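Data block below; observations after.
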Amino acid sequence: MSTGMSSATMDREGSHTRWAIKNPLTGLRWKRLEEPLGFIKLLEWLFAIFAFGCCGSFSGETAAVVMCKVSETQTDTDLISVSFSYPFRLYRQRYEMPPCDETEARVLHLSGDFSAPAEFFVTLSVFAFLYSMFALVIYLIFHERYTTIRRVPIVDVCVTGGFAFLWLVAAAAWGKGLTDVKLATHPSSLLSSMPVCQMDKVTCSASIAPYFGLANISVLFGFLNFLIWAANVWFVFKETAWSKQSPNKEESAERGEAADIQ
């Protein structure tokens, strides 16, 4: 009887061990996130999301008021509103100029195409996000291979330095592009492009100026990403064989001098 009960207990235990699910998070080296190498990479991952979100989700609106004096007692007032957003191909944004006296209604467009710096900035943010996530996986799961394989830290420092340089270029280019977008979408530019505003019977004035707070934050995050990636180059370099060779050479030289003295 006891033999049957023990075998049944063993079968239950064996079935529990067979069906037991191992926690995949137990083998992760979480202490890497407390070190500068992993902590800065986590900041790079977060800041890339902020840079991408602030630039890619931006939308604005500019507006102007056109008042046409039809008679001494009657004045027609028209509100002209134009919306624009990422990727800032402003020449595709159309608006209708109201008629007044001998001037007929006309369809006009905003001027300028600033999609190149904006799309470059967003594309770099996406690739930085993906690489930061990939590097964090390497640090946490394959940390032993990262330290034993000499080429992996060298590739990491080269890619990190490349991203630092690209962030500087992208942030500067998008900052200049954003300045051009502000000039092209200002209500004064909208009024100057309408021939009806040059007439004596017409009074044109600005109504709504675009708010570029989110776009300004994206430029700020671009330069912050440059600073973080540039600082991370040093900590990644400390993991390479290039950094570990110089102390070894100094130790061997000290040992040689000690041997000569003896």
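Note on segment 191-242: among residues that are among the polar types (S, T, N, Q) and without any contact (Cβ under 8 Å) to a residue 40 or more places away in the chain, the one that is most open to solvent (accessible area, probe 1.4 Å) is Gln198.
Might you let me know whether segment 167-180 holds any residue that is free of Cβ contacts under 8 Å to residues at least 12 places away in the same chain, more than 16 Å from the chain's Cα centre (by Cα) and more than 24 Å from Ala209 (Cα to Cα)? Looking for residues that are free of Cβ contacts under 8 Å to residues at least 12 places away in the same chain, more than 16 Å from the chain's Cα centre (by Cα) and more than 24 Å from Ala209 (Cα to Cα), one finds none in segment 167-180, hence no.
Among what's in segment 160-190 and is farther than 30 Å from Thr240 by Cα and touching a Gly at 6+ places or on another chain (Cβ under 7 Å), pick the residue that is most open to solvent (accessible area, probe 1.4 Å). Only one residue fits best here, namely Asp180. For Glu96, the stated conditions hold: it is open to solvent by 30 Å² or more (accessible area, probe 1.4 Å) and at pLDDT 80 or above.
Does segment 6-24 contain any residue that is in contact with a helix residue (DSSP H, G or I) (Cβ under 8 Å, 6 or more places away or on another chain), at pLDDT below 80 and either in a loop (DSSP other than H, G, I, E, B) or open to solvent by less than 80 Å² (accessible area, probe 1.4 Å) (or both)? Scanning segment 6-24 turns up no residue that is in contact with a helix residue (DSSP H, G or I) (Cβ under 8 Å, 6 or more places away or on another chain), at pLDDT below 80 and either in a loop (DSSP other than H, G, I, E, B) or open to solvent by less than 80 Å² (accessible area, probe 1.4 Å) (or both). When restricted to residues that are β-branched (Val, Ile, Thr) and surrounded by fewer than 13 Cβ atoms within 10 Å (Cβ to Cβ), segment 99-122 contains 1. Contact map, segment 137-159: first residue under 21 Å from Glu34 (Cβ atoms) and open to solvent by less than 90 Å² (accessible area, probe 1.4 Å), second residue among the basic types (Lys, Arg) and not in a helix (DSSP H, G or I), Cβ cut-off under 7 Å, separation 6 or more or different chains; pairs are Leu140/Arg29; His143/Arg29. Candidates Leu168, Leu140, Leu190: the one that is within 30 Å of Ser71 (Cα to Cα), part of a helix (DSSP H, G or I) and of a type in the set (A, V, I, L, M, F, W, C) is Leu190. Answer yes or no: is there a residue in segment 49-67 that is open to solvent by 50 Å² or more (accessible area, probe 1.4 Å), β-branched (Val, Ile, Thr) and either free of Cβ contacts under 8 Å to residues at least 60 places away in the same chain or over 30 Å from Phe134 (Cα atoms) (or both). No, that holds for no residue.
The values are calculated or read from the model by the stated rules, or taken from the named source; none is laboratory data. Everything numeric in this text was worked out from a predicted model, so none of it was measured. Ideal geometry is used to build each Cβ from the backbone, glycine not excepted, and the neighbour counts take in all protein chains shown. Keep in mind that these areas ignore ligands, DNA and RNA; they rest on the heavy atoms of the full protein, side chains included. Shrake-Rupley method; radii C 1.70, N 1.55, O 1.52, S 1.80 Å.
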